[in-house]
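The values are calculated or read from the model by the stated rules, or taken from the named source; none is laboratory data. From a predicted model like this one, the values you see are computed outputs, not experimental measurements. Methodologically, a virtual Cβ is constructed for each residue, glycine included, from the backbone with ideal geometry; neighbour enumeration extends over all protein chains shown.
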Amino acid sequence: MNRSLLALLAGALLASCAIAPQVPAAPETHPGQREFARELAAEARATRPDLTEARINAILDGARKQPGIIAAMTRPAEARPWRDYRPIFLTEARIAQGAAFWREHAALLEPIASEYGVPPEIIVAIIGVETSYGRNTGSWRALDALATLAFHYPPRAAYFRGELKRLLLLPDGTFPMPLGEIRGSYAGAMGLPQFMPTSYATWAVDHDGDGRIDLWNSHADIFASVAKYFIDHGWQPGAPVTDRARPTDGAIEPERDGFRPIHSVGALAAAGFPIGLARDPATPATLVRLEGEAGPEFWVTYQNFFVITRYNRSPLYAMAVHQLSEAIAGRYRADLAAR
């Protein structure tokens, strides 16, 4: 075959390749989904080789964007002032139900609370604020919630991408139901204590020893998981949470570093915020201002208050949990004394 013919054939081949139809990439159900699947599959290769890129995409193709979730993210209860937030949780019904919940589970709750060093009323109050003692654990599919926020809510996309990855990385059989049937809050929090996937992976406890962690049905797992979360975040057994301060004339509010106790009781008293109690002046503390019904309320808060804000970063949430726990403990002990 001469060189002219070879060149002609080669040219024809190149031309046919140039005009060959290109196979279009499969459309994404969510923007950025394919890249996410590639990242996660690479991260999972060592520990979850079964979690392939194709499997991840198949799971995410079944997740639906939920506009209602995005709407809920824009109007959190914590955006309200304390005078409006407190009545949501400090109700007669929630206090009475909390005391009844404690009584019902006392034989299980109290030994776990003692083992971890976290008061039973704190464990009960967390469950009461989060899910009304299990009455409302959420109706959104966790996959829908996390996919919606990871791919369709730019302000918090990085955080929720991480939580979605963590959910998918949890071993098969982790939950008491299939992955697609898990339901929780609009943010993807699950079970009675409303654990996000990272919390589930890090602090959830199989306290009943049945080989899985069930934060919907196993109260042993539920109580121990909340207690472990608190202890691992620095809860100090027997230490105070907060004290009301009565500012003096000329009081000057000190700077804060979030809710970390970076000052001391003595320093806050010297700044014009005494608490009127015999606390060690060297006790680490900070000052929190809340907008109450009668005007500003000033609270000296300690390490244990800071720990509650690790569960939910809002000081309103932390104060509601604390005050609800006090009310539940008072009701529980009054009911015992009345028997």
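Check the range 210-226 and report whether any residue there is over 15 Å from the mean Cα position of the chain (by Cα), among the acidic types (Asp, Glu), within 24 Å of ARG103 (Cα to Cα) and buried (at least 17 other Cβ atoms within 10 Å of the Cβ). Show your work before the answer.
Taking the range 210-226 and keeping what is over 15 Å from the mean Cα position of the chain (by Cα), we get 210-214, 216-221, 223-224.
With the extra rule that they be among the acidic types (Asp, Glu), the set shrinks to 210, 214, 221.
Going one step further and asking which of them are within 24 Å of ARG103 (Cα to Cα), we end up with 214, 221.
When the remaining residues are screened for being buried (at least 17 other Cβ atoms within 10 Å of the Cβ), the result is 214, 221.
Yes - at least one qualifying residue is present in the range 210-226.
This table checks each residue for (1) touching a helix residue (DSSP H, G or I) at 6+ places or on another chain (Cβ under 7 Å); (2) aromatic (Phe, Trp, Tyr); (3) in a helix (DSSP H, G or I).
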{"site": "GLU39", "(1), (2), (3)": "no, no, yes"}
{"site": "PRO49", "(1), (2), (3)": "no, no, no"}
{"site": "ALA58", "(1), (2), (3)": "no, no, yes"}
{"site": "LYS65", "(1), (2), (3)": "yes, no, no"}
{"site": "ARG75", "(1), (2), (3)": "no, no, no"}
{"site": "ILE88", "(1), (2), (3)": "yes, no, yes"}
{"site": "ALA99", "(1), (2), (3)": "yes, no, yes"}
{"site": "GLU104", "(1), (2), (3)": "no, no, yes"}
{"site": "ILE123", "(1), (2), (3)": "yes, no, yes"}
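Return yes or no: is GLY138 of a type outside the set (A, V, I, L, M) and either under 26 Å from TYR85 (Cα atoms) or touching a strand residue (DSSP E or B) at 6+ places or on another chain (Cβ under 6 Å) (or both)? Quick ask: steps written out before the conclusion?
Numbers: of a type outside the set (A, V, I, L, M): yes; either under 26 Å from TYR85 (Cα atoms) or touching a strand residue (DSSP E or B) at 6+ places or on another chain (Cβ under 6 Å) (or both): yes.
Judged against the criteria, GLY138 is a match.
State which residue pairs qualify: first residue closer than 17 Å to ALA77 by Cβ and inside the range 181-209, second residue modelled with pLDDT under 95 in any location, beta carbons under 8 Å apart, and separation of 6 or more residues or different chains.
Here the result reads TYR186/ALA72; TYR186/MET73; ALA187/MET73, each pair linking the range 181-209 to a residue that is modelled with pLDDT under 95.
Collect the residues in the range 69-107 that are basic (Lys, Arg), in contact (Cβ under 8 Å) with a residue 60 or more places away in the chain and closer than 21 Å to LEU290 by Cα, keeping them in residue-number order. Working first, answer last.
Residues of the range 69-107 that are basic (Lys, Arg), as a first pass: 75, 80, 83, 86, 94, 103.
Still in the running and in contact (Cβ under 8 Å) with a residue 60 or more places away in the chain: 80, 83, 86, 94, 103.
Within the range 69-107, ARG80, ARG83, ARG86 meet the criteria.
Check whether at least one residue in the range 239-260 is of a type outside the set (Phe, Trp, Tyr), assigned to a helix (DSSP H, G or I) and on the phi < 0 side of the Ramachandran plot, and report yes or no.
Taking the range 239-260 first, the residues of a type outside the set (Phe, Trp, Tyr) are 239-258, 260.
Okay, now just the ones that are also assigned to a helix (DSSP H, G or I), so none.
No, because not a single residue in the range 239-260 is of a type outside the set (Phe, Trp, Tyr), assigned to a helix (DSSP H, G or I) and on the phi < 0 side of the Ramachandran plot.
Kindly provide the set of residues from the range 286-339 that are closer than 13 Å to LEU90 by Cβ and free of Cβ contacts under 8 Å to residues at least 24 places away in the same chain, ordered by number.
Across the range 286-339, the qualifying residue is only GLY330.
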